[in-house]
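What follows is calculated from the coordinates using simple rules that are stated; it is not laboratory data. What you are looking at is a predicted structure, and each value in this text was computed from that prediction instead of being measured.
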Amino acid sequence: MNQRNYIARSTLAAVVAESAHPKWARCWKHLPDGGTHAEHLTLCGRCVEAVGEQILFTNGGRSI
């Protein structure tokens, strides 16, 4: 069976539902972790870590 026949015979389905979690400002993902860092209330946990690493990198490791 070739790929074309397999695709033609398969059944695809999708479910669309509104997320219970907010969309974060930096990554636009809908995640439950976020909004807990006082300086970055609109970021998820992953983005807070990334922004923190950027600050350290661009500031030569000194605290702002």
Quiz item: Once fully extended, how much extra length lies between residue 13 and residue 27, figured as 0.36 nm per residue of separation less the alpha-carbon to alpha-carbon distance?
Solution: 2.4 nm
Self-check item: ³J(HN,Hα) computed for each position of region 15-26 - Karplus, 6.51 cos²θ - 1.76 cosθ + 1.60, integer Hz, glycine/proline x
Solution: 10, 10, 9, 6, 6, 7, 10, x, 8, 7, 5, 8
Quiz item: Amide H of residue 29: which non-local residues (sequence gap of 5 or more, or other chain) have their own amide H closer than 5 Å, using H built in the peptide plane?
Solution: 24
